[in-house]
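The values are calculated or read from the model by the stated rules, or taken from the named source; none is laboratory data. Being a predicted model, the structure only gives us computed values, none of them experimental. Here the Cβ positions follow ideal geometry from the backbone for every residue, glycine too, while neighbour counts run over all protein chains shown. The accessibility values were calculated without ligands, DNA or RNA, using every heavy atom of the protein model including side chains. Shrake-Rupley method; radii C 1.70, N 1.55, O 1.52, S 1.80 Å.
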Amino acid sequence: MHILWNQIDYPHWDNAHASLAGAMQQDWAYGTSLKALGIEVHRAEVILDGETVALAQFICRRYAYLVGFALCTRGPLWLKPVAAADRARIYAELRRSLPMKRPRFALFSPDTLDPADESLVRLTRVMTGYSTVLIDLTQSPDAFRASMEGRWRNRLVAAEKAGLNIVRTGANPAQYRWLLEEERAQRQSKGFHGLPIEFVESYIHSRSQTSRTMLVLRAEHKKDKVAAMLFLLHGTAATYHVGWSNDTGRDTNAHNLLLWRAFHELKERGLRTLDLGGINTRSLAGISRFKIGSGGRVVTYAGTYV
């Protein structure tokens, strides 16, 4: 086994990532967009018995100019079946050979759901698992609608009768920047944290075809903006990234209709999975109930390991 660092090219990574409907955090464009903000990124190609079996993207930060942390979120991407013992060896070799200046720690938050997975035996869990809701975009609209909780579906029906106009926003920054400013205001008022606001614009324009990187839907009521949702696309999957609503949007259940329309739009583009971007029933109970009620599959990943 050997690992090649920062040698694979964009087309090979992109094709492999798309074939697996990989997470946004393992998308080439995700790393490129963070690099543009001055963040260190390293990409690994794992070769076992002469074949590339895994890819792993690490986002690296240094704190107090001393200790570095490199996080491989929702990775590695396993391109072929690999025995648990070999996966354990790969984790160890990625950690050992990471080309980041020491002292540093390599952390993994894999797509694995089972904390007892044998591939993780050489690692120590330092955080419990992240939970999210995944919507299968390959199912029929009727099947998706049937999977919704009753109250969620009723709100969707009400939104469909509320006279809302759903508009797809273009990729010109002037058409969506207002939504990012609303997100900035929300974060400041509620104490939220997340990827830098500037990341979104960089990500949207990381590919020449912005239809492959973003979908923004806006709900209007009597020609006034009342709600919006921004989705970031990555290969054959998408992630819900930003949402905003005013009082009228909430009263008319605009987000229910926006998500329903997004399902159709993303399905038509050939995407396979929509990740609703995480749930936290303690600090974000309302939005978490909204995501769970949509009818997607709730998953909890194994955790973060060092």
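Which condition number does ILE8 fail, the rest of (1) out of contact with any Asp or Glu (no Cβ under 9 Å at 6 or more places or on another chain); (2) in a loop (DSSP other than H, G, I, E, B) being met?
Of the numbered conditions (1) out of contact with any Asp or Glu (no Cβ under 9 Å at 6 or more places or on another chain); (2) in a loop (DSSP other than H, G, I, E, B), the odd one out for ILE8 is (1).
Restricting the range 200-244 to residues that are of a type in the set (S, T, N, Q) and in contact (Cβ under 8 Å) with a residue 24 or more places away in the chain, which is most open to solvent (accessible area, probe 1.4 Å)?
Step by step, filter the range 200-244, then rank; the result is SER211.
Run SER283 past the list (1) among the small types (Gly, Ala, Ser); (2) surrounded by 23 or more Cβ atoms within 10 Å (Cβ to Cβ); (3) over 19 Å from the mean Cα position of the chain (by Cα); (4) farther than 20 Å from ARG155 by Cα and report the number of the one that doesn't hold.
Unmet condition: (2).
Report, by residue number, each residue of the range 18-53 that is in contact with a Pro (Cβ under 7 Å, 6 or more places away or on another chain) and part of a helix (DSSP H, G or I).
none
Any idea which residue in the range 100-141 is least open to solvent (accessible area, probe 1.4 Å), counting only those that are among the small types (Gly, Ala, Ser) and under 22 Å from ARG61 (Cα atoms)?
ALA106
Checking the condition under 28 Å from SER206 (Cα atoms) and in a strand (DSSP E or B), which residue from LEU233, LEU266 passes?
Of the residues listed, the single one that is under 28 Å from SER206 (Cα atoms) and in a strand (DSSP E or B) is LEU233.
Could you list, in sequence order, all residues of the range 59-89 that are small (Gly, Ala, Ser) and in a helix (DSSP H, G or I)?
Once the filter is applied, which keeps residues that are small (Gly, Ala, Ser) and in a helix (DSSP H, G or I), the range 59-89 yields ALA84, ALA85, ALA88.
Determine which single condition ALA56 fails, assuming it passes every other condition in (1) surrounded by fewer than 21 Cβ atoms within 10 Å (Cβ to Cβ); (2) in a strand (DSSP E or B); (3) aliphatic (A, V, I, L, M); (4) under 24 Å from the mean Cα position of the chain (by Cα).
(1)
Condition check: within 26 Å of ALA29 (Cα to Cα) and either touching a Phe, Trp or Tyr at 6+ places or on another chain (Cβ under 6 Å) or open to solvent by less than 60 Å² (accessible area, probe 1.4 Å) (or both). Does ILE292 satisfy that?
So ILE292 fails the test.
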